[in-house]
Amino acid sequence: TKTTVSVLKADVGSVSGHGVAHEALIQICKDALAKAKEESILKDFYVTRCGDDIDLIMTHTNGEDNEEVHKTAFDAFMAATEKARELKLYGAGQDLLSDTFSGNIKGMGPGVAEMEFKERPSDPVIVYCCDKTEPGAFNLPLYKIFADPFNTAGLVIDPSLHDGFKFEVFDVMEHRKVILNAPEESYDLLALLGSTGRYVIKRIFKKNGEIAASVSTERLNLMAGQYVGKDDPAAIVRAQSGFPAAGEVIEPFAFPHLVGGWMRGSHNGPLMPTSQKEANPIRFDGPPRIIGLGFQVANATLIGPVDLFDDPAFDNTRNRAADIADYMRRHGPFEPHRLPSEEMEYTSLPGVLTKLEERFEKMDE
Ligand code: F6R
Ligand code: MG
Ligand code: MG
């Protein structure tokens with residue numbers, strides 16, 4: 001039998017604005033998943049949070065897109081929402097677009113990253129969870145992990161990686177997808193991946209079709225037709241023997257690259273890797289955060305996790321991210337700190353333009 005790892009995430013309310021998911025909500029989710037484990041829907045689970053987002057990391061043998069598993073997560077988020085309303089938490093239920101489960105969680109608000117695979121004799125799996133950013137934030141690090149030999153030594157020196165990988169890329173504007181091969185088509189791939197707000201990596205495979213990575217790509221803002229919350233992403237990545245080593249999977253996050261999100265989902269800022277405990281985006285509602293959890297998957301149970309960025313080796317990265325945050329903030333309302341207008345989640349521009357319409361004067365050619 002195959003094992004499935006499912007990460008479903010949602011922001012259903014937080015403390016002190018869009019800051020931190022309340023412990024009571026996390027406990028409610030843990031209780032709900034413990035019950036599902038008793039009922040044999042799940043084999044195992046781990047609940048964490050990054051900022052105001054709760055991440056349900058679940059293992060089972062029911063495959064991807066399983067109705068029972070998705071309903072379990074949806075019901076957990078619903079129960080947590082009830083508590084959030086009682087405590088008058090900020091943004092209570094913000095990512096749930098409906099209060100009844102319709103058989104498939106897609107389009108209902110929560111983000112989903114899943115992968116089904118046949119367990120190897122030993123199967124290290126790394127889960128990343130972000131806050132105050134978007135799925136395209138994973139484009140750069142995932143490219144480095146699976147296609148850049150300056151990051152992943154194994155692409156050059158390990159015969160089991162030397163063939164490269166296949167990237168499934170979603171065009172989130174046009175709702176279409178394409179598969180590109182690396183290294184053969186890496187320039188075409190990069191031409192797409194550089195547009196992080198539009199083209200996002202959904203999945204990565206070995207050339208033999210084995211799943212290597214999976215990202216949540218729901219764009220909440222587009223899905224609901226209007227902005228209802230940030231689509232803060234999660235990702236699952238397999239490591240070792242035939243995949244990049246755990247250290248190669250972690251290495252790109254030592255560079256705090258600029259991502260879209262931060263204040264009002266409308267600013268570029270550095271992606272700061274932290275421990276679970278420090279995943280508190282406070283300064284200017286940020287800067288954007290990522291946590292990393294290292295598991296061993298054993299007979300569909302989760303051994304671990306190791307809190308991957310709870311490591312002094314990432315202190316320089318965090319200091320650098322804080323310096324970049326200072327630098328970016330100094331731009332105030334100017335690009336490229338503020339996102340270009342079509343990428344902003346909040347904008348007053350149409351109103352301002354309407355107001356000024358009469359005062360604009362045509363100029364001679
Ligand atoms: C960004 C985020 C926050 C909010 C900001 C304003 O993803 O969640 O920066 O956008 O705190 O929130 P509202 O409009 O709810 O007052
Ligand atoms: Mg929120
Ligand atoms: Mg969030």
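Each reported figure results from applying straightforward, stated rules to the coordinates on display, with no laboratory input. All of these numbers come straight from a predicted model, not from anything done at the bench. Cβ atoms come from the backbone with ideal geometry, glycine included; neighbour counts cover every protein chain shown.
In this structure, Y327 and A191 have a Cβ-Cβ separation that, at R0 = 25 Å, corresponds to a calculated FRET efficiency of about 0.35. Shape index of the stretch 1-112: Rg/Rh, with Rg the Cα radius of gyration and Rh the Kirkwood radius from the inverse mean 1/r over Cα pairs, equals 0.96. A cut-off under 9 angstrom between Cβ atoms defines the neighbours of E114, and their net charge, with Lys, Arg +1 and Asp, Glu -1, is -3. Ordering 248-254, 58-64, 261-267, 96-102 by mean Cβ neighbour count within 10 Å, with the highest value first, yields 261-267, 248-254, 58-64, 96-102. Protection proxy ranking of 333-345, 205-217, by the mean of other Cβ atoms within 10 Å over each peptide's residues and highest first, is 205-217, 333-345. Summarising the amide proton neighbourhood of F45: residues at separation of 5 or more, or on other chains, whose placed amide H is nearer than 5 Å comprise T59, L302.
As a proxy for reagent exposure, ranking F117, F295 by other Cβ atoms within 10 Å from fewest up yields F117, F295.
Here F150 and S275 are evaluated by their C-beta separation; at R0 = 35 Å the FRET efficiency comes out at 0.85.
Straight-distance candidates among the lysines for linking to K30, with alpha-carbon spacing under 17 Å and chain neighbours fewer than 8 residues away dropped: K9, K43, K71, K83.
Under a 5 Å amide H cut-off, with hydrogens placed 1.01 Å from N, D52 pairs with A21 among residues at least 5 apart or on other chains.
Using a cut-off of 31 Å between Cα atoms, the listed pairs K2/K277; K2/K177; K37/K207 include K2/K277; K37/K207 as exceeding that distance. At a Cβ-Cβ separation cutoff of 4.7 angstrom, cysteine residues of the chain with no neighbouring cysteine are C29, C130. Bridges between two residues of the chain, per DSSP, are antiparallel at a rate of about 95%. Each of E278, E365 has some number of other Cβ atoms within 10 Å of its Cβ, and from fewest to most they run E365, E278. For the stretch 195-208, putting each phi into the Karplus relation 6.51 cos²θ - 1.76 cosθ + 1.60 with θ = phi - 60° gives couplings of 8, 5, x, 10, 9, 10, 5, 9, 9, 10, 10, 5, 5, 7 Hz, in residue order, rounded to whole numbers and with x for Gly and Pro.
Using every pair of distinct Cα positions in the stretch 3-341, the Kirkwood expression returns a hydrodynamic radius of 19.9 angstrom.
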